[in-house]
Amino acid sequence: MSTAHSDTICAIATPPGSGGIGVLRVSGPLAVSVCAAMAGPPPPPRCASLRRFRDASGEVIDQGLLLYFPAPHSFTGEDVMELHAHGGMVILQCLQQALLEHGNGQTVRLARPGEFSERAFLNDKMDLTQAEAVADLINASSTAAVKAAQRSLQGGLRDPVQSLQQQLIELRVWVEAALDFPDEDIDFIADTRLQQRLQSLQQQTAELLQQAGRGVRLLQGARLAILGPPNAGKSSLLNALLKRDAAIVTDIPGTTRDVLRERLEIDGVGIEIVDTAGLRDSTDPVEREGMRRARLELAGADLVLWVEDIRTLQTSSSENGFGADHELPPECTVIRVANKLDLANEDQIQNAGDSAGVLSLSARTGAGLEQLEHAILNKLGLADPAWSDQAGQVMAARPRHVAALQHVGENLQQAGECLLQGSGELAAEELLAAQHALSEITGAYHNDDLLGAIFSSFCIGK
Ligand SMILES: Nc1nc2c(ncn2[C@@H]2O[C@H](COP(=O)(O)OP(=O)(O)OP(=O)(O)O)[C@@H](O)[C@H]2O)c(=O)[nH]1
Ligand SMILES: [Mg+2]
């Protein structure tokens, strides 16, 4: 798959703005010679050397460090030079210009977004999931997302995908052999061990799919919506979770009208949290609009906190039509919260405790809040494995990985049915399709459109 690139590319690798240092990166066959023209011969590999950086007329632009990473032991797999100069945009642009001029403009050009990473991928320095993890690491908006991206960068997604692929190949060999030698005494296709291995593959794919789904949620930021009847303490709960007064709280039912969005971080996991208008019968057009918007939030929410006053907790479908059972679609992931624990009597506390899946707390005193935070991460599948029931740590993943794994699952399912019907040919086709879908994840099988779509979203210089 290795691709020789004739172009030498350069880019400013540090972000725009001023800083202590700024880094320029050059990669390709001319990297050494253009830098030599600017700053003298390359230092020993991976050693920093203090140099003067000169423009084409020989005038000194800046003084800084020059580093040399000879091929193939560099990020891109090509000869790479790095110039560490002072971190001013004009200095860096002058240096970049000088690089282009030293290269006569023909063979050294500005890198496209993500082109260094693309070359790293094309030169087999990393697979696609790792290249994507580099971008996810840079764009991570929470500490948990950083850790997850780091796991994928170390092969957290690639390794299980490759293992699945290996098992799939073995299975295909088995099926194809049965097709090639139909006269053999043993009926391979009817062999139950074949079905067992297929089932094991299906199981592993389903687990990986779940893990990848969690990874997507972690990276994109999960969405949490607070819903429930008026005056239950929804806005108070939002404020308690955020540990600041973001929403207006009063004892007047119908206080919240608009949808209020805030960013919450629990144990380093970024979550978008939404407070909404209380749901009840109302003729007030403003309140009705608020309720309409509240219900719209249901569609995009990964998790709903359904908040009620513990003293008026609905234990079954609400009579007035505003209970959790009535309002929330069955597929909705929900945590039912009984708030105002500090005001409840023994019977009410007992009643809430007896209601399955109800978490009692007080937004006012903070009692039960920590349990709620744990429950939120657990329900989202983003909890620290140390105290959650999920297996393994979360790794960074993207929607395209999830889509591919869904395809794999469907293909395996189809293959199983074909085998049961004795149709080895069709089963073999399904297994091949599954193998292709897996290959797309790691990039072992790809087309230029896919690479373009992935790398164009990277930043320049990466
Ligand atoms: N004692 C006690 N009072 C609470 C608690 N949570 C909320 N309250 C009070 O209950 C009243 C309503 O609280 P809000 O947070 O505005 O309730 P809400 O569900 O957002 O109400 P709407 O916006 O009208 O739908 C306020 O007076 C709060 O101070 C609690 O845990 N204990
Ligand atoms: Mg409110």
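The values are calculated or read from the model by the stated rules, or taken from the named source; none is laboratory data. Not measured: the values here are computed from a predicted model. Glycine also receives a Cβ, built like all others from the backbone with ideal geometry; neighbour counts cover every protein chain displayed. Accessible surface is based on the protein model in full, side chains and every heavy atom, while ligands, DNA and RNA are left aside. Shrake-Rupley method; radii C 1.70, N 1.55, O 1.52, S 1.80 Å.
Per-structure values
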{"read-out": "Top-ranked residue in the stretch 232-275 [being of a type in the set (S, T, N, Q) and more than 8 Å from ligand 2 (Cβ to nearest atom); ranked as nearest to Leu296 (Cα to Cα)]", "value": "Asn239"}
{"read-out": "Whichever residue in the stretch 215-231 is surrounded by fewer than 24 Cβ atoms within 10 Å (Cβ to Cβ) and part of a helix (DSSP H, G or I) and, among such residues, is farthest from ligand 2 (Cβ to nearest atom)", "value": "Val216"}
{"read-out": "Complete set of residues in the stretch 264-294 that are closer than 18 Å to Ala232 by Cβ and either in a loop (DSSP other than H, G, I, E, B) or out of contact with any helix residue (DSSP H, G or I) (no Cβ under 7 Å at 6 or more places or on another chain) (or both)", "value": "Thr276, Ala277, Gly278, Leu279, Arg280, Asp281, Ser282, Glu287, Gly290, Met291, Arg293, Ala294"}
{"read-out": "Qualifying residue in the stretch 376-385 (condition: modelled with pLDDT of 95 or more, outside the structural domain of Leu171 (by TED's automatic domain parsing) and in a helix (DSSP H, G or I))", "value": "yes"}
{"read-out": "Qualifying residue in the stretch 295-312 (condition: within 11 Å of ligand 2 (Cβ to nearest atom), open to solvent by less than 10 Å² (accessible area, probe 1.4 Å) and part of a helix (DSSP H, G or I))", "value": "no"}
{"read-out": "Single residue of Leu137, Leu201, Leu153, Leu194 found to be over 30 Å from Gly58 (Cα atoms), crowded, with 17+ Cβ neighbours inside 10 Å and modelled with pLDDT of 95 or more", "value": "Leu201"}
{"read-out": "Matching option when the condition is open to solvent by less than 70 Å² (accessible area, probe 1.4 Å), over 29 Å from Gln130 (Cα atoms) and out of contact with any strand residue (DSSP E or B) (no Cβ under 8 Å at 6 or more places or on another chain), among Ala56, Ala98", "value": "Ala56"}
{"read-out": "Pick from the stretch 428-448, criterion assigned to a helix (DSSP H, G or I) and more than 18 Å from Gln204 (Cβ to Cβ), ranking: least open to solvent (accessible area, probe 1.4 Å)", "value": "Ala428"}
{"read-out": "Candidate set from the stretch 249-259 (those that are within 7 Å of ligand 1 (Cβ to nearest atom) and of a type in the set (A, V, I, L, M, F, W, C)); member that is most open to solvent (accessible area, probe 1.4 Å)", "value": "Ile252"}
{"read-out": "For Leu343: the one exception among (1) free of Cβ contacts under 8 Å to residues at least 40 places away in the same chain; (2) buried (at least 17 other Cβ atoms within 10 Å of the Cβ)", "value": "(2)"}
{"read-out": "Residues of the stretch 189-248 classified as of a type in the set (Lys, Arg) and on the phi > 0 side of the Ramachandran plot, total", "value": "1"}
{"read-out": "The lone exception for Asp62 - which of (1) farther than 26 Å from Phe455 by Cβ; (2) open to solvent by 20 Å² or more (accessible area, probe 1.4 Å) it fails", "value": "(2)"}
{"read-out": "Test: Gly300 is over 28 Å from Ala367 (Cβ atoms) and in contact with a strand residue (DSSP E or B) (Cβ under 8 Å, 6 or more places away or on another chain)", "value": "yes"}
{"read-out": "Residue in the stretch 347-369 that is out of contact with any Cys (no Cβ under 8 Å at 6 or more places or on another chain), within 16 Å of ligand 1 (Cβ to nearest atom), free of Cβ contacts under 8 Å to residues at least 24 places away in the same chain and under 30 Å from Arg217 (Cβ atoms) present", "value": "yes"}
{"read-out": "Of all residues in the stretch 65-88 being out of contact with any Leu (no Cβ under 9 Å at 6 or more places or on another chain) and among the small types (Gly, Ala, Ser), the one that is surrounded by the most Cβ atoms within 10 Å (Cβ to Cβ)", "value": "Ser74"}
{"read-out": "Odd one out for Leu237 among (1) near ligand 1 (Cβ under 9 Å from one of its atoms); (2) under 22 Å from Leu380 (Cα atoms); (3) in contact with a Pro (Cβ under 6 Å, 6 or more places away or on another chain)", "value": "(3)"}
{"read-out": "Any hit, the stretch 43-50, residues being more than 28 Å from Leu122 (Cα to Cα) and small (Gly, Ala, Ser)", "value": "yes"}
{"read-out": "Residue, nearest to ligand 1 (Cβ to nearest atom), within the stretch 267-293, restricted to residues that are in contact with a Leu (Cβ under 6 Å, 6 or more places away or on another chain) and of a type in the set (A, V, I, L, M, F, W, C)", "value": "Met291"}
